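Please treat every number below as a calculation from the coordinates, not as lab data. In this text, all values refer to a predicted model and were calculated from it rather than measured experimentally. Don't worry about glycine lacking a Cβ; one is built from the backbone with ideal geometry, like all the others, and counts go over all protein chains shown.
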Amino acid sequence: MIRTSLKRVATDSRVPHVSIFTGVPGDSGYRVPPGWRASLEWLRRGKPQPTEARVIQAPVILSAAAWGPTQWGKRSAGSAFVFHNRRMPHLSILRSLIAALLLLFVSAASPAQHFNGAKAYEYAKAFAAIGPRWPTGPGHVKAEDFIRNQFKHDQLEEDTFTANTAIGPVTLHNFIVRFPGKKDGVIVLGTHYETNYPLRNINFVGANDGAATTGLLMAIADELRGKKLDGYSVWLVFFDGEEAFQKWSSSDSTYGSRHLAAKWGGDGTLGRIKAFLLADMIGDKDLDIQRETRSTAWLVDVVRQAAKKFGDERYFFQTEEAVDDDHLPFVQRGVPSIDIIDLNYGPNNSYHHTVQDTMDKVSAHSLTVDGDVFMETIRLINQR
Ligand code: ZN
């Protein structure tokens, strides 16, 4: 994909993610429930908090008060849990009681189980381990086989076609996996899986650019498999030929998505698509997803709402820009579409399309955020 314009829409309000419980930035394990985390943030910084956090604010204050005289006024960074007290024994029972109440409250306030970002990471790691996956190369054949094998028990369609690329005719392979739903209509999730032909002579494995979102969709498939979905059908599309063969232009890029959008336009499939969600480069440890300006407004709102449910708003839409990507052939045909993309990858974007794009720049935590938001977005679209 390529950036066509960049505009900052918010002052730099992004807060680096630090897990207060573990102290590990971007930790992929236990995650603090959003309301609880927001309260801790509030205690720490004295800043306004989202509405949902207010639910939990009362018992926190109550318990802090009951914990004995505290250094409440200090609100020093990282000390939200250290309630210094004079050890007044007669308060110990009350303390235990309140601790139990708090625990109860925290578990009640916890959102439903989180998406398994660790599994998405493992898929991505295995996929990136194939190595470079440029069309016509040996790694591409292995990548195709990986996808075929992954979905061998699912409704897998292989969409093979010859593209007239900048280097001549090339056989490309899109893959479509269908999970049927009870409602009439389809939600499509897409990613590209190949790497760049012009980068064939360096060890460019596209860990974030191609592999991470391939892993994400594979882990989403694990959530969808084996049950008749109550809502719309969900189709996963693994696009080939997103990258340019020579230099990015509207004719030298997005071969797979242009082909499929035209094909589905011809056979009436596009009319059944309620929403198309494209995932690109969102395994980045330092996740900051831009609002892509050609994306459909209501779909952007739904994704924002989904992020809010998990307290993940800070990762979404702090900046906006126009990005040419696999969603455009669908946008141009009137399909509600969004490109969920983080095009700021490494210092000065230095990991993008370089040998630096390796799995150590990708995190299971980011993939958990993505998966949570994709699954919740599907749920919200089904309710519309
Ligand atoms: Zn790329």
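Of note:
- Scanning region 304-363 for residues that are among the polar types (S, T, N, Q), more than 20 Å from Ala275 (Cβ to Cβ) and either touching a strand residue (DSSP E or B) at 6+ places or on another chain (Cβ under 8 Å) or surrounded by 17 or more Cβ atoms within 10 Å (Cβ to Cβ) (or both) returns Gln318, Thr319, Asn344, Thr358, Ser363.
- Per the listing Gly181, Gly190, Gly210, the residue uniquely at positive phi and buried (at least 18 other Cβ atoms within 10 Å of the Cβ) is Gly210.
- Whether a residue is at negative phi and more than 23 Å from the chain's Cα centre (by Cα) was assessed, and Thr171 passes this test.
- Taking every residue in region 122-136 that is farther than 14 Å from Ala212 by Cβ and pairing it with any residue that is part of a loop (DSSP other than H, G, I, E, B) and among the basic types (Lys, Arg), at least 6 positions away or on another chain, the pairs with Cβ-Cβ distances below 9 Å are Pro132/Arg200; Trp134/Arg200; Thr136/Arg200.
- Search result, residues across region 344-384 that are basic (Lys, Arg) and more than 16 Å from the ligand (Cβ to nearest atom): Arg379, Arg384
- The set of residues from region 341-384 being in contact with a Leu (Cβ under 9 Å, 6 or more places away or on another chain) and part of a loop (DSSP other than H, G, I, E, B) comprises Asp342, Leu343, His352, His353, Thr354, Val355, Ser363.
- Selected residue (criterion: farthest from Thr160 (Cα to Cα)) from residues of region 251-274 that are within 16 Å of the ligand (Cβ to nearest atom) and among the polar types (S, T, N, Q): Ser253
- Test: residue in region 188-195 that is within 16 Å of the ligand (Cβ to nearest atom), touching a residue at least 40 places away in the same chain (Cβ under 8 Å), more than 22 Å from Gly371 (Cα to Cα) and part of a strand (DSSP E or B): no
Condition check ((1) among the β-branched types (Val, Ile, Thr); (2) touching a Lys or Arg at 6+ places or on another chain (Cβ under 9 Å); (3) in contact (Cβ under 8 Å) with a residue 40 or more places away in the chain; (4) assigned to a strand (DSSP E or B)) across all residues:
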site: Lys142; (1), (2), (3), (4): no, yes, no, no
site: Asn149; (1), (2), (3), (4): no, no, no, no
site: Asn164; (1), (2), (3), (4): no, no, no, yes
site: Val170; (1), (2), (3), (4): yes, no, yes, yes
